[in-house]
Protein chains: 2
Amino acid sequence: MPVSDKHRIPTRDLDTPPRLLLGPGPSNAHPRVLRALSNRQVGHLDPTFIELMNEVQSLLKYVWQTDNPVTIPVSGTGSAAMEAAVANMVEAGDSVLVGVNGYFGLRMVDMASRYGAEVTRMTAPWGTAFDLDTIRSHMEACRPRVLGLVHAETSTGARQPLEGVRELCDEFDCLLLIDTVTSMGGVELYLDEWGVDAAYAGTQKCLSCPPGLGPLTLGPRVLERLEKRTKPVPNWYLDMSLVGKYWGSERTYHHTAPINMNYGLREALRLIAEEGLEARWERHRTTARMFWDGLAEMGLSCHVDEDIRLPSLTTVKVPDGVDPGRVAKTLLTEYNIEIAGGLGELAGKVWRVGLMGFNSRPENVMLLLAALKDVLNR
Amino acid sequence: MPVSDKHRIPTRDLDTPPRLLLGPGPSNAHPRVLRALSNRQVGHLDPTFIELMNEVQSLLKYVWQTDNPVTIPVSGTGSAAMEAAVANMVEAGDSVLVGVNGYFGLRMVDMASRYGAEVTRMTAPWGTAFDLDTIRSHMEACRPRVLGLVHAETSTGARQPLEGVRELCDEFDCLLLIDTVTSMGGVELYLDEWGVDAAYAGTQKCLSCPPGLGPLTLGPRVLERLEKRTKPVPNWYLDMSLVGKYWGSERTYHHTAPINMNYGLREALRLIAEEGLEARWERHRTTARMFWDGLAEMGLSCHVDEDIRLPSLTTVKVPDGVDPGRVAKTLLTEYNIEIAGGLGELAGKVWRVGLMGFNSRPENVMLLLAALKDVLNR
């Protein structure tokens, strides 16, 4: 039978522009991480890969400050890790309470609904956080089995304080799930100290690794519920009772792990271990402070109150009369700088600027402020 | 709060052994693919990435010989693409017929069951294929809405002929789903000519790209059913009505695509376009023939009949009195060659040897035969 050449299109050697990625993610990976990606392969059951898996698991625990035995990179992006958490924690009919103060709270609502949960939305204006009284009154009303909160809202730049939430969850026998996509590796996180039962993240934000893996951690209370399920998790790829056996001591084949992405993540985590978490968190604060001060000098202001503003992601208010899309486009085409506009409720109202991981450096702030000033003054 | 250094383990620079991966996958990626992985990043909505996404989609269509509009790499491994096909094609209560003549047929049964299908298993000995009469009689009995067949069984090395299956499916108004994980890019595939409605693959076999993406193609009949669903796909990450909008003309944000893995896949597909499908298929046949002849000279035989034996994956019978695990381990530790043992019904009975993509070369056959001879003669 003849082969059709209809879709055999001509292509050129890969040659991408030198972007500085200062949007809400992906951020630029560290050069050492990019090099690790191209390291020669071993098999997914090779003894040397098994050792690497152990290292990755251990270093993920360090960055999250947790002892949770199931702490692994899901073989998908951050959204896959989010869905893994939801799929494994929620059973059809469960009452689930989700804090919706941004786009990713909405996504959690959507996912939990698909797994048959009775979802209650606890809403707040985008860019604010929930206080304990509000959480308590909602928990009293819907008696949730799972409470989902977004620690770092990538759509708003707001941080959800978690002190005291565990005590509430204990009172209501409720699992606590948090989204740390934009905080992991850049913002203070003490999962065990805070009594978080499950969390997930992406690799392309403060970890400075390209997108493609989704760190996930499940604590003992989650694993206990997982064991007691009457029906299997209605998602084969993300069923942690199967995936956990591959990453655990059994090493049972489940799927073929993304070998080279795991090389990259390992290197990204090593860089954090070398720098130390406190130093890294402090660096993110210092860089963000420099950016915020610079914005103020230019007469620009931030959407989120400073006490809950994420150092990793700033939402900058668009001044009256300015077309936010034009500014972002000019920054990209003239200066190779990527920033993003607002999502959902904040569309057209803010720019989102990420200073994450390797990109959290004073030279990037200096360049962005100067370029922004130039574009705004035209 | 003090940071705990409990999991801040010491690590060394990444240094993996120079493995020749001749198992059932992953195979060694082409060096050009490894280089592409470490290319500097752009954003997942960058105009240059959008162009790259178009190229990847077009070249996937070439390799599969299909015009299906939804032909994309799922942001997970081959198993994620498999689950994406099942989740989007199956609705709870649907009758689904699956050909089970190996491990991956069983996996399809498991997945379809999780999505609430009434699954009928059509079984055959591992290493054989189904004929049209057998398929017809099962279809008459269970009137399936979806027929799932494994074109290239990675666990057995058998090829399922597909000529005539479309006509049967038309008769029963049934969708045809096929697993091409171990055939795509190495073995004859004419999806449109054969009337296949949906197929999936992994990148780490005959495409010679590391694992981490799962090519998926959905034809018009599948998309029509997807539109008519009464409930959303019970899997957010793999819901192709959402993912399709990101890869389609709308470019609506869904999740952050694995940028660098897509660089790698693009390069892998370019290599196939450069070589040409016919030449590539022929190369796989020639290399496999050399291996099979060499095995015969050593007195070893193959598990699968030659007329349905995959050139990409050979199951070699373990001679009486030989410990297959010892042989595989010695090949790995002394010669850095990875081959695998049997899975499921074939555990302990065969070795699985892959000659896939970049690895399908005479020097690899020569080395493997010589090393195998040495180890078997001890």
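For (1) within 11 Å of another protein chain (Cβ to nearest Cβ); (2) over 19 Å from B:Leu60 (Cα atoms); (3) among the aromatic types (Phe, Trp, Tyr), each residue gets a yes or a no:
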| site | (1), (2), (3) |
| --- | --- |
| B:Gln204 | yes, no, no |
| B:Leu207 | no, no, no |
| B:Pro215 | no, no, no |
| B:Glu224 | no, yes, no |
| B:Pro232 | yes, yes, no |
| B:Trp236 | yes, yes, yes |
| B:Gly244 | no, no, no |
| B:Ala268 | no, no, no |
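Residue-level check: of (1) facing chain A (nearest Cβ under 8 Å); (2) in a loop (DSSP other than H, G, I, E, B); (3) in contact (Cβ under 8 Å) with a residue 40 or more places away in the chain, B:Ala273 misses just (2).
Residues in segment B:109-122 that are under 19 Å from A:Ala87 (Cβ atoms) and part of a helix (DSSP H, G or I): B:Asp110, B:Met111, B:Ala112, B:Ser113, B:Arg114.
Among the residues of segment B:338-375, those identified as farther than 17 Å from B:Phe104 by Cα, in a helix (DSSP H, G or I) and among the charged types (D, E, K, R) are B:Glu363, B:Lys373, B:Asp374.
Just checking, does segment A:149-157 include any residue being within 12 Å of A:Leu310 (Cα to Cα), within 12 Å of chain B (Cβ to nearest Cβ) and surrounded by fewer than 24 Cβ atoms within 10 Å (Cβ to Cβ)? No. Looking across segment B:292-321, the residues that are within 21 Å of B:Leu189 (Cβ to Cβ) and either in a helix (DSSP H, G or I) or among the β-branched types (Val, Ile, Thr) (or both) come down to B:Val304, B:Glu306, B:Asp307, B:Ile308, B:Thr314, B:Thr315.
Within segment A:142-157, the set of residues being part of a strand (DSSP E or B) and hydrophobic (A, V, I, L, M, F, W, C) comprises A:Val146, A:Leu147, A:Leu149, A:Val150, A:Ala152. The single residue among B:Arg225, B:Arg166, B:Arg229 that is farther than 17 Å from B:Ala268 by Cα, free of Cβ contacts under 8 Å to residues at least 60 places away in the same chain and not assigned by TED's automatic domain parsing to the domain that holds B:Thr286 turns out to be B:Arg166.
Results for (1) more than 27 Å from A:Leu238 (Cβ to Cβ); (2) crowded, with 16+ Cβ neighbours inside 10 Å; (3) away from every other protein chain (no Cβ under 11 Å); (4) of a type outside the set (D, E, K, R), shown as yes or no for each residue.
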site	(1), (2), (3), (4)
A:Val100	no, yes, yes, yes
A:Gly105	no, yes, yes, yes
A:Ser113	no, yes, no, yes
A:Ala117	no, yes, yes, yes
A:Met122	no, yes, yes, yes
A:Pro125	yes, no, yes, yes
A:Asp131	yes, no, yes, no
A:Thr134	yes, no, yes, yes
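Summed over segment A:316-344, the residues that are polar (S, T, N, Q), within 12 Å of chain B (Cβ to nearest Cβ) and in contact (Cβ under 8 Å) with a residue 24 or more places away in the chain give a count of 1.
Residues that are in contact with a Cys (Cβ under 6 Å, 6 or more places away or on another chain) and touching a residue at least 40 places away in the same chain (Cβ under 8 Å) within segment B:72-126 comprise B:Ser95, B:Leu97, listed in sequence order. Screening B:Arg283, B:Arg378, B:Arg326, B:Arg352 for residues that are modelled with pLDDT under 95, farther than 30 Å from B:Glu51 by Cα and not polar (S, T, N, Q) leaves exactly one candidate, B:Arg378. For residues that are more than 7 Å from chain B (Cβ to nearest Cβ), farther than 30 Å from B:Leu189 by Cα, in a loop (DSSP other than H, G, I, E, B) and charged (D, E, K, R), tally how many sit in segment A:1-58. Of the residues in segment A:1-58, 1 are more than 7 Å from chain B (Cβ to nearest Cβ), farther than 30 Å from B:Leu189 by Cα, in a loop (DSSP other than H, G, I, E, B) and charged (D, E, K, R). Cβ separations smaller than 6 Å between residues 6+ apart or across chains give the following pairs from segment A:1-20 residues that are closer than 25 Å to B:Val42 by Cα to residues that are of a type in the set (Val, Ile, Thr): A:Thr16/B:Val42; A:Thr16/B:Thr48; A:Arg19/B:Val42; A:Leu20/A:Ile337.
For segment B:210-252, the candidate set comprises residues that are surrounded by fewer than 18 Cβ atoms within 10 Å (Cβ to Cβ) and of a type in the set (Gly, Ala, Ser); within that set, the residue that is modelled with the highest pLDDT is B:Ser241.
For segment A:59-80, filtered to residues that are assigned to a loop (DSSP other than H, G, I, E, B) and farther than 17 Å from A:Gly214 by Cβ, the residue that is farthest from the other protein chains (Cβ to nearest Cβ) is A:Pro69. Check whether at least one residue in segment B:84-95 is crowded, with 24+ Cβ neighbours inside 10 Å and more than 14 Å from chain A (Cβ to nearest Cβ), and report yes or no. Yes, because at least one residue in segment B:84-95 is crowded, with 24+ Cβ neighbours inside 10 Å and more than 14 Å from chain A (Cβ to nearest Cβ). Restricting segment A:286-339 to residues that are among the hydroxyl-bearing types (Ser, Thr, Tyr) and under 25 Å from A:His151 (Cβ atoms) leaves a set whose member that is farthest from the chain's Cα centre (by Cα) is A:Ser301. Mind checking which residues of segment B:252-265 are at the interface with chain A (Cβ under 8 Å from one of its Cβ atoms), over 9 Å from B:Val33 (Cβ atoms), in a helix (DSSP H, G or I) and not hydrophobic (A, V, I, L, M, F, W, C)? Once the filter is applied, which keeps residues that are at the interface with chain A (Cβ under 8 Å from one of its Cβ atoms), over 9 Å from B:Val33 (Cβ atoms), in a helix (DSSP H, G or I) and not hydrophobic (A, V, I, L, M, F, W, C), segment B:252-265 yields only B:Asn260.
Of the candidates A:Leu37, A:Leu52, A:Leu45, the single residue that is within 30 Å of B:Lys329 (Cβ to Cβ) and crowded, with 24+ Cβ neighbours inside 10 Å is A:Leu37.
Residue count for segment A:42-61 under the criterion of being closer than 22 Å to A:Leu277 by Cβ and free of Cβ contacts under 8 Å to residues at least 40 places away in the same chain: the result is 2. Considered as a group, the residues in segment B:322-337 that are among the β-branched types (Val, Ile, Thr) and outside any helix (DSSP H, G or I) include one that is surrounded by the fewest Cβ atoms within 10 Å (Cβ to Cβ), and that residue is B:Val322.
The values are calculated or read from the model by the stated rules, or taken from the named source; none is laboratory data. Computed from a predicted structure; not experimentally measured. Here the Cβ is made from the backbone with ideal geometry for all residues, glycine too, and neighbour counts use every protein chain on show.
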